[in-house]
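Shown next, in structure tokens, is the structure this report addresses.
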């Protein structure tokens, strides 16, 4: 993909948006705008986690937005989200990213300062985590109903694992983002807007924490139900064995056909053996009943 460069002039500042940059582009930007080399390097790393650094002439911020599809089997941060790097001062805002974001392309406000625009972008990035939170919670409810009210065999253990993994990674990412956002310093007039983001982020964290707890409980419940079904099968086989083992023993003794077995010459021997087997089976049955095994 080619590098996309867009420059937007507002009343009090300039916003430069760079999508899918290469090292040469960023080296030139770093030189033109006196940006730190290592921060430029951080903005190129696809898997870089959120961070905030305050420089003498500008502030540097990296945040990640939720960009994955919920049906994807996510195992790491790169599959879950994409980042935006912000370099901003009073007169200039530079955003660097590899993925396209709708809120960057279709700006729905006319900001009066870089601070106001950065807070708007942070708000929209945190907003991307809200819909996945609701969908994951609904999916947990559906799985719970299936386990308890329908056929638990329809539930895939692999799906449960990936759902738990996605929730855990998202929660960790939000926790890191929360720590970063708490480090951001804004003017007095922007503190209310920033506090609103902090409150929303806290609400998201509590939501994902509950989803993760439910996912763990569902996984444990699924394993318990599965183990219980296996125990029921083992119990049934054990009961059958308890019935047939003594009967097989009796049949085995009288199936040896030694000449010195007087019972073989009894006229009623066959019926006596069958009666003995019935009595043994009844004794075992009533014993199991008394012990509430069956």
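What follows draws every value from the coordinates through simple rules; no lab data is involved. Everything numeric here is computed off the predicted structure, so don't read it as measured data. Glycine gets a Cβ as well: all are built from the backbone with ideal geometry, and neighbour counts include every protein chain shown.
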**Request:** Starting from the exponent 0.38 and prefactor 2.2 Å, build the expected Rg for the stretch 1-146 from its residue count and divide its actual Cα Rg by it.
**Result:** 1.16
**Asked** What label, among (1) 44, 21, 15; (2) 30, 27, 17; (3) 73, 19, 13, belongs to semi-axes √(5λ) of the Cα gyration tensor in Å computed from the structure on display?
**Response** (3)
**Prompt:** Based on Cα positions only, what radius of gyration and what Dmax would you give for the stretch 231-290, in angstroms?
**Reply:** 14.4, 45
**Item:** Peptide ranges 75-87, 41-53, 191-203, 257-269 listed from the most packed, as the mean C-beta count within 10 angstrom indicates
**Value:** 75-87, 41-53, 191-203, 257-269
**Prompt:** Alpha carbon centre of the stretch 142-211 versus the stretch 64-117: separation in Å?
**Reply:** 18
**Fill in**
Computed over the chain: longest principal axis from alpha-carbon atoms vs helix 23-33 long axis, angle to nearest 10 degrees, is 40
**Asked** So for the pair residue 271, residue 56, with labels modelled 7 Å out along Cα→Cβ, what separation do we get in nm?
**Response** 11.5
**Fill in**
For the chain, the longest principal axis of the Cα atoms and the Cα long axis of helix 191-253 enclose an angle in degrees, to the nearest 10, of 10
**Request:** Please determine, in degrees from 0 to 90 and to the nearest 10, the orientation of helix 114-127 with respect to the longest principal axis defined by the Cα atoms of the chain, where the helix direction is its Cα long axis.
**Result:** 10
**Item:** Antiparallel %, DSSP beta bridges [both residues in the stretch 4-227], to 5
**Value:** 80
**Complete:** With T = 25 °C, eta = 0.890 mPa s and Kirkwood Rh from C-alpha pairs, the Stokes-Einstein D of the stretch 95-218 in µm²/s is about 148
**Sequence-separation-based contact order of the chain, relative, with Cα cut under 8 Å and 6+ spacing, percent** = 15
**Request:** Report the dimensions of the stretch 94-143 along its three principal axes from the alpha-carbon atoms, largest first, rounded to Å.
**Result:** 47, 22, 15
**Asked** What number, rounded to the nearest 500 deg cm²/dmol, is the helix-based mean residue ellipticity at 222 nm of the chain, given -39500 (n - 2.57) per DSSP H run of at least four residues and division by all its residues?
**Response** -20000 deg cm²/dmol
**Prompt:** Can you pull the Kirkwood radius for the stretch 175-294, inverse mean 1/r over Cα pairs, to one decimal in Å?
**Reply:** 21.4
